[in-house]
Amino acid sequence: MALSQGAALMEKAIGHDNNATTEQDITNPGRDRAKYADPSGETMKALVWNGKNSVKMEEVPKPRVVEDRDVILKITGSTVCGSDLHLLHGSVVQLEKGDILGHEFCGIVDEMGPAVKGLKKGDRVVASFQIACGDCFFCKQKLSSQCEKTNSNTMENGMYGGRTAGMFGYSHFTGGFAGGQAEYTRVPYGDVNLLKLPDSVPDEKGLYLSDVLATSWNCVVDTRIDPNDTVAIWGAGPIGQMCADFAFMNGAGRVIMIDSNWRLDYVKSKYPKVELIDYSTLPKGQTVYSKLREMCPRGPDVALECVAGEYAKGWAHYFELQLGLETDTSEIINEMITSVRNYGRCGVTGVYVGYTNHFNIGSLMERGIRLIGNGQAPVHLYWEKLCKMIENGEIDPLKMVTHRVSLDELDDVYYKFEKKEDGMQKVFVETKFSAPAAAGSPALTRYRK
Ligand SMILES: NC(=O)c1ccc[n+]([C@@H]2O[C@H](COP(=O)([O-])OP(=O)(O)OC[C@H]3O[C@@H](n4cnc5c(N)ncnc54)[C@H](O)[C@@H]3O)[C@@H](O)[C@H]2O)c1
Ligand SMILES: [Zn+2]
Ligand SMILES: [Zn+2]
C-alpha cells in the first residue's frame, strides 16, 4: 500500500484531536450519502485521487449543506496548482482513493445554511484555499492559513508541533475537505472563506485570489524586499512568475529566475527585465551558486524558493528520497543560503513536507542568513487589497494563464501540467456553469476529440 494511504489509516487508528469546530473527513459526499449528499440524488463531475500518480474524473453525489454556516458553491472556475502535483505524487500524505481535489476555485452561491451572513444566492465569489473559522487567535489577525479550529489532524500536529488550517482538496492531513475541481463544492464557514468578486473582475482573473496571487504576494512581502534589492527566484512556474512581478512592484532592482526549461523564456517574454539562469545548460564546473556570484559578486540580497522539496537534482538526494531517508531535498535551500550575500534573506514558499539531510546550517549561522518559512499563505490577509489591484489594473493574472480547459478533461490536464507539456504555465478550468471566456483570456483547448 502506498505511504499516503497507510498514513491515512494510521491517523484513523490514532484518532483526531478535538479542537475542530467543523466536521472533518468529508472528502467526497459519496462517503456517507445520507449525511453529506444532496437529497435530490443529483450527481456531478469531480476529479478524484486514484492512488499514487493517478487521478480520474468521476460522477459523484452533489454535496449538501451539512453545517449552519455552509455554502454550496456552483463552480465556474478552477485550476491546477503545483501543490496538486505533491498530492498526485503522494509526497503529501493521508490521501484516500476517491478524495476530491482542488483548492483554487470560484463560483456562484447556490445554497446556504441558515447562519450564513452577508451572502445571497447568486453572488459571484472566490474561495480561499484554506478554511478559516474567522474567530480564533490567528483568524482575528487574518492569518487564516493557521486557523486553530478547522483541522484536528493528530499526525500533522505530532510532526510539526502545531497544525495549519483545514484546506480544500488537500488530503486528510489538512482536515479532509472535498475540493473545488468539481461542479459543486461545500464551503464551511462560507461567510468567512468566500470573497465577493466585483463586476469588473471576471472569473478568469478573480479565481487566482484563491491561492497563487496571495501566495506570491506573501512570499515577497513576508521575506521582505528593500529598495533596489537583487532578488533570485528558484522556480519559474506560476508562483515564481508572480513573485517576479511582485518583487519589481515592491522595489526590487534586479530579478534573476532559476529553472531548467521553457518557462524561463515564458517569464522573460512577460517581464523583459528579468535575468535568467538555466541550470540545465550551465557549462561543466559551473553551478547555480557560481553563476549567481558571476552575475552579482556579493550575492543576491534575497532568495525565494518557489519549487518544492520533492524534486531532487543529484543522485544522492534522489536515493535518500526513494529510500525514505528524508522527505525533502536540501539542495535548493543550500543553494539559496550559500548564494545570498551575508545577512541575506531566504523565503521558503515551495512545499516541504518533513525532514531533510545535509542542510548547510554552518553557512546559515556563520554568515547570518535569515531563513524564513513563509508558511501556507494567509490568503485573507491580502485578498481584498489584491482584488483592488486587479480592479485598477496594477495586477494582471492573465499574464500567467496559457490555457482554458474543460473539467471533463482535467485528469489529462494534470499529467500535462506535471510534464510541463504544451507550454502550460497556468490553466483556467471551465465547467458547464462558466460564462463565455472573458476578453483577453485564452480560448478553450480540447485534448480529447
Ligand atoms: N506556501 C503556499 O501557500 C503555497 C501555495 C501555492 C503553491 N505553493 C507551492 O509553491 C511551489 C511552486 O508552485 P507552482 O504552482 O509554481 O509549481 P510548479 O510545479 O508549476 O513549478 C515549479 C517549477 O520549479 C522548477 N524546478 C524544479 N526543480 C528546480 C530546481 N532545482 N531549481 C529551480 N527550479 C526548479 C520546475 O521546472 C517548475 O517550473 C510548489 O511547491 C507549490 O506547492 C505554496
Ligand atoms: Zn495551491
Ligand atoms: Zn480560526
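The values are calculated or read from the model by the stated rules, or taken from the named source; none is laboratory data. Note that the coordinates shown come from a computational prediction; the quantities given were computed from them, not determined experimentally. Counting neighbours? That spans all protein chains shown, and the Cβs are built from the backbone with ideal geometry, glycine included.
Tyr266 meets all of the listed conditions (1) part of a helix (DSSP H, G or I); (2) closer than 29 Å to Gly354 by Cβ; (3) touching a Gly at 6+ places or on another chain (Cβ under 9 Å); (4) near ligand 1 (Cβ under 10 Å from one of its atoms) but one, namely (2). Note on segment 162-173: residues that are farther than 15 Å from Ala20 by Cα and at pLDDT below 95 amount to 1. Of all residues in segment 191-202, none are small (Gly, Ala, Ser), more than 16 Å from ligand 1 (Cβ to nearest atom) and surrounded by 24 or more Cβ atoms within 10 Å (Cβ to Cβ).
Residues that are away from ligand 1 (no atom under 16 Å from the Cβ), within 23 Å of Pro397 (Cβ to Cβ) and of a type in the set (D, E, K, R) within segment 50-93 comprise just one, Lys74. Going by what's in this entry, would Ile233 be described as under 21 Å from Ile369 (Cα atoms), within 16 Å of ligand 1 (Cβ to nearest atom) and buried (at least 19 other Cβ atoms within 10 Å of the Cβ)? Yes. Consider Lys284 carefully, then state whether it is farther than 18 Å from Ile395 by Cβ, away from ligand 1 (no atom under 12 Å from the Cβ) and not in a loop (DSSP other than H, G, I, E, B). So Lys284 does not fit the description; no. A single entry from Val351, Val302 fulfils the requirement of being in contact with a helix residue (DSSP H, G or I) (Cβ under 8 Å, 6 or more places away or on another chain), within 14 Å of ligand 1 (Cβ to nearest atom) and not charged (D, E, K, R): Val351. Could you identify the single residue in Gly51, Gly30, Gly15 that is touching a strand residue (DSSP E or B) at 6+ places or on another chain (Cβ under 6 Å) and of a type outside the set (A, V, I, L, M, F, W, C)? Only one candidate passes the filter, namely Gly30. Please verify whether Arg186 is buried (at least 21 other Cβ atoms within 10 Å of the Cβ), among the basic types (Lys, Arg) and out of contact with any Gly (no Cβ under 7 Å at 6 or more places or on another chain), treating the condition exactly as stated. It is true that Arg186 is buried (at least 21 other Cβ atoms within 10 Å of the Cβ), among the basic types (Lys, Arg) and out of contact with any Gly (no Cβ under 7 Å at 6 or more places or on another chain).
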